[in-house]
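To keep things clear, I will list the structure first and then write my remarks on it.
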Amino acid sequence: MAKEVYWHLPGLCNFRVINQILLNLMKDYPSKFREGYKIGSVYGTFPGAIWNGGRAVFGTAYKGDIDRIIKIYNSRGVPVRFTWTNTLLEEKHNLDTYCNLVMKLADHKKNQVLVNAPSLEEYIRKEYPDFAVISSTTKRLTDPAAIKEELEKDYYLVVLDYDLNHNEEVLKELEPVADRIEILVNEICSPNCPKRAEHYRAESLSQLEFDQATDFKCPHQNAKRGFNESMKRPAFISNEEIGSYIDRGYVNFKIVGRGLSPEFLMDSYAYFLAKDEHREFIRNKMNQTLIDLTRIPVRR
């Protein structure tokens, strides 16, 4: 029996159709996926939630839709994980009606939150104690001592800064607690970017003020962001490498994709989750099912 490995997927709301297609394929064609691989959570936010961080998401979702989407995942045994990582939150924001509505609808002892702001974390732990709390990569913890200190706190998981993905010294030091570390495998952002924290702040401000006209100018904004480009990044962890992480006890892996294209997502899912010989079959199945579901019938 293979060791159970948990994959955390992006876009709980905006990519819900693709995620449902994947879950259906994993149920219908289990032999075509890698043994022991499970979906550990689907992360993201509902549009317009000011607690959201990392990538601003605008729009509106209604109570019935929020409830339905949460139940779709939970009924399949998949936790939803909210990206409550806005770096600019103050205590006054804890009482936001919409974000608290989302939390109440998901308060089923099954779900999770990513956190960054201490005030919001304290509020969630007090008001919603049944949620698993996860320390976000947006904290940019690159000092091994700071990571160890984080792991001494009551976090379900700590997401490793992707610049450390291949840092052998850090990985070796964290092996005793490897099952509490989550690793981003296909980050598309540039390595060791000095503006990364500034970018998170700009996205947080944009979300908090419902303002899409952020002043932040990414120095790499014109770079290609396809899956093939992500494979060339130093932080990328290939299928050939990932077995060595699993052998060392690292069993939580995060696929990035919020704010990216459906093609990026499907390429990532097929690459990491499907067996090599079935990768094209799974990729084609996802694509064709998505086309079939979104095709508008022509009235005759």
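The values are calculated or read from the model by the stated rules, or taken from the named source; none is laboratory data. This is a predicted model, so every value here is computed, not measured. Please note: Cβ atoms are built from the backbone with ideal geometry, for glycine as well, and neighbour counts cover all protein chains shown.
Some notes on this structure:
- Inside the stretch 73-95, residues that are buried (at least 17 other Cβ atoms within 10 Å of the Cβ) and out of contact with any Gly (no Cβ under 9 Å at 6 or more places or on another chain) make up a count of 3.
- The set of residues in the stretch 46-70 that are part of a loop (DSSP other than H, G, I, E, B) and either closer than 19 Å to Ala117 by Cα or under 16 Å from the mean Cα position of the chain (by Cα) (or both) comprises Phe46, Pro47, Gly48, Ala49, Ile50, Trp51, Asn52, Gly53, Gly54, Arg55, Ala56, Val57.
- Against the criterion of being touching a helix residue (DSSP H, G or I) at 6+ places or on another chain (Cβ under 9 Å), touching a residue at least 24 places away in the same chain (Cβ under 8 Å) and either of a type outside the set (D, E, K, R) or surrounded by fewer than 21 Cβ atoms within 10 Å (Cβ to Cβ) (or both), Glu182 does not qualify.
- For the stretch 30-37, the criterion of being modelled with pLDDT of 95 or more, crowded, with 17+ Cβ neighbours inside 10 Å and under 19 Å from the mean Cα position of the chain (by Cα) is met by at least one residue.
- Where Arg125 falls short, out of the listed (1) under 21 Å from His93 (Cα atoms); (2) surrounded by fewer than 19 Cβ atoms within 10 Å (Cβ to Cβ); (3) out of contact with any Phe, Trp or Tyr (no Cβ under 9 Å at 6 or more places or on another chain); (4) not β-branched (Val, Ile, Thr): (3)
- Residue count, the stretch 45-57 (criterion: surrounded by fewer than 24 Cβ atoms within 10 Å (Cβ to Cβ), closer than 14 Å to Cys13 by Cβ, touching a helix residue (DSSP H, G or I) at 6+ places or on another chain (Cβ under 8 Å) and not small (Gly, Ala, Ser)): 2
- Comparison of Ile255, Ile242, Ile237, Ile282 shows that the only residue that is in contact with a Lys or Arg (Cβ under 7 Å, 6 or more places away or on another chain) and surrounded by 15 or more Cβ atoms within 10 Å (Cβ to Cβ) is Ile282.
- Going through (1) assigned to a helix (DSSP H, G or I); (2) at pLDDT 95 or above one by one, Glu182 falls short only on (1).
- Number of residues in the stretch 159-175 that are touching a residue at least 60 places away in the same chain (Cβ under 8 Å) and either closer than 11 Å to Arg248 by Cβ or not aliphatic (A, V, I, L, M) (or both) equals 6.
- Per-region count, the stretch 98-122, residues loosely packed, with under 15 Cβ neighbours inside 10 Å and assigned to a helix (DSSP H, G or I): 4
- Subset of the stretch 123-172 (residues that are under 23 Å from Ala197 (Cβ atoms) and in a loop (DSSP other than H, G, I, E, B)): Ser136, Arg140, Leu141, Thr142, Asp143, Lys153, Tyr155, Leu160, Asp161, Asn165, His166, Asn167
- Any hit, the stretch 71-81, residues being over 19 Å from the mean Cα position of the chain (by Cα) and touching a residue at least 24 places away in the same chain (Cβ under 8 Å): no
- One residue stands out among those in the stretch 195-212 that are surrounded by fewer than 18 Cβ atoms within 10 Å (Cβ to Cβ) and in contact with a helix residue (DSSP H, G or I) (Cβ under 8 Å, 6 or more places away or on another chain): the one that is nearest to Tyr98 (Cα to Cα), which is Asp211.
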